[in-house]
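Nothing in this text is a laboratory measurement; each read-out follows from the coordinates by a stated rule. Keep in mind it's a predicted model, so treat the numbers as computed, not measured. Positions of Cβ are backbone-derived with ideal geometry, glycine not excepted, and every protein chain shown enters the neighbour counts.
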Amino acid sequence: RKNIGILTSGGDAPGMNACVRAVVRMAIARNCRPFFIYEGYQGLVDGDDKIKEAGWMDVSGFLTVGGTVIGTARCAAFREIEGRRTGVHNLIKRGIDALVVIGGDGSLTGADRLRAEWPEHVAALEKDGRITAAEAQRYRTLMIVGMVGSIDNDLASTDMTIGACSALERICESVDAILSTAMSHRRAFVVEVMGRHCGWLALNAAISTGADYLFIPEAPPSKDDWQTAMCKTLKASREAGKRTSLVIVAEGAIDRSLKPIKAEYIREVLSTRLGYDTRVTTLGHVQRGGAPAHFDRFLATMQGAEAIEAILRATPETPSPVIGMLENKITTQPLKEAIELTSEVAQAIEKQDFARAMELRPESFSK
Ligand code: F6P
């Protein structure tokens, strides 16, 4: 009978609770014992009452609630080897056989590091007498299953991350509201959206709200002439009869010299060059909060159930997987490969080798 720990880590995302609920209930249905690990990796480091067995009714109502009820943290202690070793000790003390981590790129990178270092930690704990030889033998490997919970939709190996769809819905609702006031005053608005170094939210929001201009990190404009190109486009659409101008800028937008493109600077350009009455709205954390959209509840539930199946199917040789969704099918891929691929894509974007980035992760560019 397997004991399965579950934690949420990094920035919260709508649908994380639905995922926790699916993991807990599927674990119980498949005769395993699920354990909540509170406050992300911090709970692993703190141990004791931060690791608690979860029952069927403990996740009642989780499906529809945003954020993460079991808490999350960006944990500094876990970035240090000693912190991770303490975490391993706490897991072994509680008899945890497998760990389910729901988080973004950084959290899954942390999970992958823990997986790689696990035998070394076990050997050190045995040498220090903190665990017995029998425990070292029983826990010589740990299965870690990753699921991508992040509004940014920035992980290779899955078409959609849990939370991205809800955040996009919220952005669209907010921009719709902005457009009605913009239209009344014939104003221009520059709306900054989240996404860290990924432009998926901004791109999809721009298409869905009929924006006039868009800035994303994946398509940086030349540093000297984007201002002119933007003004020309906005002016043409006003001349065609439009009462508003809408520019969407991803928080990670840059030009080709890697200089950030900031909403406030875009506002200045529109005001001085075109004379438009221009306002900036930074949507901020409202994008991450609130109830999950249908798709995130569904995706989280399917993936949570698959996480338990992946644990039960695994042999000691099976590499730790990440559960994703490609072309509408729930997938299981080695966590290590997904992390490596994501970092290769990021490096290609940094070097502005977009052809390579596209080749590595065609799904993010075609979306
Ligand atoms: O990764 C999710 C995200 O919301 C990013 O889009 C954003 O850059 C970041 O987290 C904000 O982090 P924090 O909540 O720590 O300010």
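Side notes on the structure shown:
- Cross-link pairs beyond the 26 Å C-alpha cut-off, checked among LYS232/LYS259; LYS223/LYS351; LYS232/LYS262; LYS52/LYS329; LYS93/LYS127: LYS52/LYS329
- Rounded to 5, percent antiparallel among DSSP beta bridges of region 1-145: 20
- Mean Cα-pair separation over length for region 213-296, i.e. relative contact order, pairs under 8 Å, 6 or more apart, %: 31
- Helix 226-239 vs. the chain, principal-axis angle (Cα, 0 to 90°, nearest 10): 60
- The loop-placed trypsin sites (Lys or Arg not before Pro) in region 178-226, going by DSSP, that have at most 13 neighbouring Cβ atoms within 10 Å of their Cβ come out as ARG186.
- Structural descriptor for the chain: relative contact order 20 percent, calculated from alpha carbon pairs under 8 angstrom and at least 6 residues apart.
- Nearest 10 degrees, 0 to 90: helix 164-185 Cα axis against the chain principal axis: 20
- Beta bridge orientation in region 202-356: antiparallel %, DSSP, nearest 5: 70
- The chain pair-distance distribution - Cα-Cα, 20 Å bins, rounded %: 29, 49, 19, 2
- Structure-based [θ]222 nm, the chain - -39500 (n - 2.57) summed over DSSP H runs of at least 4, per residue, nearest 500: -14000 deg cm²/dmol
- For the pair region 261-337 and region 151-166, the centres of their Cα atoms are 3 angstrom apart.
- Cα gyration tensor shape for region 272-347, rounded if a/c is under 1.5, else prolate or oblate: prolate
- Helix 294-313 axis versus longest C-alpha principal axis of the chain: approximately 30°, rounded to the nearest ten.
- Beta bridges by DSSP in the chain, antiparallel share as percent, to the nearest 5: 25
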